[in-house]
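Student: Would you mind keeping the following structure in view while I ask a few things?
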Amino acid sequence: MESDKQLIARVKACTICAAHLTDGVRPVLQFSSTARILIAGQAPGRKVHDTGIPFNDPSGDRLRQWMGIDRQTFYDAQQIAILPMGFCFPGTGKSGDLPPRKECAPQWRQLLLDRLPELELVLVIGQYAQAWHLSEKGSVTEIVSNWRDYCQGDQVLKQFPMPHPSPRNNIWLKRNPWFEEELVPVLQGEVKRVLSL
């Protein structure tokens, strides 16, 4: 079986959707088979594409705040895997970034997920990740409002459906104060427990 390093090299060499990417191919992910937390996001934004570092932007700042951890902990691949639904920046459309490319998840996702035997906690961010991980296709608000169904009780794998932490979602957060008042403290407690902080 190939090592994590070999698998990551194969993912980073992927060009399956190159013909559709106006900004070029640059798969961005963080992975180690020892990770106990998975951040399942959408796709890298332009700043992340430019730096090659996942969530290296204002969205990442907010996500780390929601998780209650610092950058050093966040970027510890031995503890936290970051696998967006599309590994490359999909480009910009009329109303923001385009959706993740559809070729990426069928090619890589299950292969990577199968190599996470220690996984205890998944942050399921946005509609594309929620459709894959939770098999849910309702609105993000509907799915996130039912967050307790996915992460409470005796479940071995706890999954937290979440909105994207982008500043573009400031209006959503103002309209749904329960998210930061109710879900975020529980999430922080689970992160602390899993990472033994």
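The values are calculated or read from the model by the stated rules, or taken from the named source; none is laboratory data. Being a predicted model, the structure only gives us computed values, none of them experimental. We place every Cβ from the backbone using ideal geometry, glycine too, and count neighbours over all the protein chains shown.
Student: Considering Ala105, Ala81, Ala77, which residue is under 22 Å from Lys137 (Cβ atoms) and either under 15 Å from the mean Cα position of the chain (by Cα) or basic (Lys, Arg) (or both)?
Tutor: Ala105
Student: I would also like to ask the following. Restrict the check to region 114-129 and report whether at least one residue is surrounded by fewer than 18 Cβ atoms within 10 Å (Cβ to Cβ), over 20 Å from Ile16 (Cβ atoms) and free of Cβ contacts under 8 Å to residues at least 60 places away in the same chain.
Tutor: There is no residue in region 114-129 that is surrounded by fewer than 18 Cβ atoms within 10 Å (Cβ to Cβ), over 20 Å from Ile16 (Cβ atoms) and free of Cβ contacts under 8 Å to residues at least 60 places away in the same chain.
Student: Contact list please: Cβ distance under 9 Å, first residue in region 131-152 and farther than 15 Å from His164 by Cα, second residue part of a loop (DSSP other than H, G, I, E, B) and among the polar types (S, T, N, Q), pairs at least six apart or on different chains.
Tutor: From region 131-152, the pairs are Glu136/Asn146; Gly138/Asn146.
Student: If you don't mind, there's one more thing I want to ask. Just give me the residues in region 153-174 being among the basic types (Lys, Arg) and either touching a Lys or Arg at 6+ places or on another chain (Cβ under 6 Å) or surrounded by 12 or more Cβ atoms within 10 Å (Cβ to Cβ) (or both), in sequence order.
Tutor: Lys158, Arg168
Residue by residue, here is whether (1) surrounded by 14 or more Cβ atoms within 10 Å (Cβ to Cβ); (2) modelled with pLDDT under 95 holds:
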| position | (1), (2) |
| --- | --- |
| Ala9 | no, no |
| Lys12 | yes, no |
| Ile16 | yes, no |
| Ile37 | yes, no |
| Gly41 | yes, no |
| Gly45 | yes, yes |
| Asn56 | yes, no |
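Student: Out of curiosity, is Arg62 basic (Lys, Arg), touching a strand residue (DSSP E or B) at 6+ places or on another chain (Cβ under 8 Å) and on the phi < 0 side of the Ramachandran plot? First the steps, then the outcome.
Tutor: On the way: basic (Lys, Arg): yes; touching a strand residue (DSSP E or B) at 6+ places or on another chain (Cβ under 8 Å): no; on the phi < 0 side of the Ramachandran plot: yes.
Answer is no for this residue.
Student: Pick out, from region 115-154, the helices (runs of 4 or more DSSP H) lying fully within it that include 2 or more residues that are among the hydrophobic types (A, V, I, L, M, F, W, C) and farther than 20 Å from Asp97 by Cα.
Tutor: Because the criterion is at least 2 residues that are among the hydrophobic types (A, V, I, L, M, F, W, C) and farther than 20 Å from Asp97 by Cα, the helices (runs of 4 or more DSSP H) in region 115-154 that meet it are 140-145.
Student: When residues of region 155-186 are filtered for being part of a helix (DSSP H, G or I) and either in contact with a Cys (Cβ under 8 Å, 6 or more places away or on another chain) or basic (Lys, Arg) (or both), how many remain? Steps first, answer last, please.
Tutor: So in region 155-186, the residues part of a helix (DSSP H, G or I) come out as 167-175, 178-186.
This time we only want the ones that are either in contact with a Cys (Cβ under 8 Å, 6 or more places away or on another chain) or basic (Lys, Arg) (or both), so: 168, 174-175, 186.
The total comes to 4.
Student: Pull up region 175-197, narrow it to residues that are over 17 Å from Leu121 (Cβ atoms) and buried (at least 16 other Cβ atoms within 10 Å of the Cβ), then point me to the one that is nearest to the chain's Cα centre (by Cα).
Tutor: Top of the filtered list is Phe179.
Student: Looking at (1) free of Cβ contacts under 8 Å to residues at least 12 places away in the same chain; (2) touching an Asp or Glu at 6+ places or on another chain (Cβ under 9 Å); (3) part of a loop (DSSP other than H, G, I, E, B); (4) not acidic (Asp, Glu), which one does Met1 not meet, given that it meets all the others?
Tutor: All conditions are met except number (2).
Student: Still on this structure, I have one more. Give the residue, chosen from Gly52, Gly41, that is of a type in the set (Gly, Ala, Ser) and in contact with a strand residue (DSSP E or B) (Cβ under 6 Å, 6 or more places away or on another chain).
Tutor: Gly41
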